[in-house]
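Q: Shown below is the structure under consideration.
No value in this document is a laboratory result; all are computed from the given coordinates. Only a predicted model underlies this, so the values are computations on that prediction, with no experimental measurement involved. With ideal geometry, Cβ positions are generated from the backbone for all residues, glycine too; neighbour counts draw on all protein chains shown.
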Amino acid sequence: MISINENYLKLQSSYLFSEIAKRVSAFQDANPDVKVIKLGIGDVTRALPQSCIKAFHSAIDEMAGNSTFKGYGPEQGYPFLREKIAEHDFQSRAAEITPDEIFVSDGAKCDSGNIQEIFSSDITIAVPDPVYPVYVDTNVMAGRTGKFSNGRYEKIVYLESSEENGFIPDLPKEPVDLIYLCFPNNPTGTTITKSLLKTWVEFARENKALILYDAAYEAFIRDDSLPVSIYEIEGSREVAIEFRSFSKTAGFTGTRCAYTVVPESCIGYDSNGGKHSLHSLWNRRHTTKFNGVSYPVQRAAEAIYSEKGKIEVKNLNDYYLKNAGLIRQEIDKLGYKHVGGENSPYIWVKCNMDSWKFFDLLLKKAGVVCTPGAGFGKCGQGFIRLSAFNNFENVQKAMIRIGKILNR
Ligand code: MLT
């Protein structure tokens with residue numbers, strides 16, 4: 001008899017974004033004439049930067065010739081890309097990360113989901129609420145969370161983000177082993193200061209804990225005083241792993257390229273208190289289960305570090321930030337409270353009713369898709385998330401439609 005992993009039965013119905021897609025598709029089937037505008041899942045809509053396209057084409061041409069063809073590459077990524085990442089994303093900001101500490105992959109979602117495999121099944125995890133659902137669901141699958149009751153998994157330590165704390169969670173009141181942090185935040189769009197991030201690093205050091213720092217949205221930071229990487233904080237190399245992605249930074253959601261940084265000095269403990277290199281464990285996992293990102297994709301990703309590529313990437317993200325500005329301005333006019341959207345593509349709006357009901361209202365009456373806050377956790381109830389990833393004209397139309405139905 002083939003027995004199943006019963007932890008899967010503890011998961012809440014379907015994955016949030018699949019549920020939204022199902023509802024939108026049912027609405028669209030019943031209303032084929034409505035041009036639905038999607039401000040739901042954070043999926044980019046603008047073309048890849050020209051520098052990436054050029055590099056992509058030229059790498060494809062290399063694949064067409066026997067003398068330049070590439071088979072399997074290094075699982076951790078080609079040195080040409082890892083070296084550029086280390087230099088431009090870290091060393092240029094005085095964050096001491098070397099190319100060997102970078103693991104190129106096909107997505108930050110996969111990496112942030114897979115990383116928990118290298119930790120014991122009985123560690124205590126702390127997750128913000130609201131939170132990107134992948135962190136929670138992958139730990140449910142691994143059997144770390146216990147049962148779900150009253151909107152919460154019994155063994156998770158929830159770090160509440162609310163209006164009261166400005167949507168930045170307080171430090172846990174008890175010792176925890178693994179802490180998930182995401183800044184600029186998904187879903188609230190809030191950011192963290194260096195001094196506050198330092199308190200998290202200190203907490204992790206004091207508790208022999210590890211921080212999983214998701215910086216997938218760092219390219220949207222425009223306030224120079226904010227940390228772009230956790231490695232800008234002293235003492236973080238021993239206690240933090242960072243996830244980065246080319247998806248939102250450079251329009252790679254469909255192209256797939258990301259990376260995870262595991263410093264050589266980052267450590268975990270065995271049951272006798274012996275120290276082990278998390279870099280070695282992740283390297284073992286990565287090389288066993290992954291065969292690398294394709295050569296043309298890595299060449300395309302490398303192109304964002306050229307002088308021209310950097311300008312194109314900035315323009316691309318400025319475009320989405322302009323959308324975010326328009327959303328904030330229109331939501332403001334309607335008198336709804338909101339945060340985010342300044343150094344982030346997400347705007348977190350207090351909708352003053354059940355979030356799924358508000359989702360249905362926007363979909364059915366305005367033909368606009370948002371993400372219901374409740375899908376990100378109990379504290380997301382009463383909120384929705386609007387994404388700035390769409391064309392400016394569509395965002396304008398969406399805000400006019402929303403204005404018409406919500407004008408109070
Ligand atoms: C989101 O909308 O939260 C993200 O696009 C989802 C993801 O990156 O997987």
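Q: Order of 178-187, 199-208 by packing, highest average Cβ count within 10 Å first?
A: Ranked from most to least packed, the peptides come out as 178-187, 199-208.
Q: Counting DSSP beta bridges in region 151-299, what percent are antiparallel, to the nearest 5?
A: 45 percent
Q: If you don't mind, there's one more thing I want to ask. In cubic angstrom, how much convex hull volume per residue do the alpha carbon atoms of region 106-165 span?
A: 89 Å³
Q: Quick one: what do you get for region 190-248 if you divide its Cα Rg by 2.2 N^0.38 Å?
A: That ratio works out to 1.11.
Q: When the helices in the chain are scored as -39500 (n - 2.57) per DSSP H run of 4 or longer and the sum is shared across all residues, what 222 nm value do you end up with, to the nearest 500 deg cm²/dmol?
A: -10500 deg cm²/dmol
Q: Give me Rg/Rg_expected for region 1-84, where Rg uses Cα atoms only and Rg_expected = 2.2 N^0.38 Å with N residues.
A: Taking N as the residue count of region 1-84, the ratio is 1.84.
Q: Based on the mean of other Cβ atoms within 10 Å per residue, sort peptides 67-74, 148-155 so the most packed one is first.
A: Sorting 67-74, 148-155 by mean packing, highest first, produces 148-155, 67-74.
Q: Which percentage, to the nearest 5, of the DSSP beta bridges contained in region 53-306 is antiparallel?
A: Bridges in region 53-306 are about 45 percent antiparallel.
Q: Sort 339-349, 79-89 by packing, meaning the average of other beta carbons within 10 Å per residue, with the highest value first.
A: Ranked from most to least packed, the peptides come out as 339-349, 79-89.
Q: For region 274-408, go through all pairs of different Cα atoms, get the mean of 1/r, take its inverse, and jot down that Kirkwood value in Å.
A: 17.7 Å
Q: While we're here: What is the mean projected area of the alpha carbon convex hull for the chain, to one decimal in square nanometres?
A: For the chain, averaging the hull's shadow over all directions gives 22.4 nm².
Q: If you don't mind, there's one more thing I want to ask. What per residue convex hull volume, in Å³, do the alpha-carbon atoms of region 141-184 yield?
A: Numbers: hull volume 5.1 nm³, N = 44.
Per-residue hull volume (Cα only) is 115 Å³.
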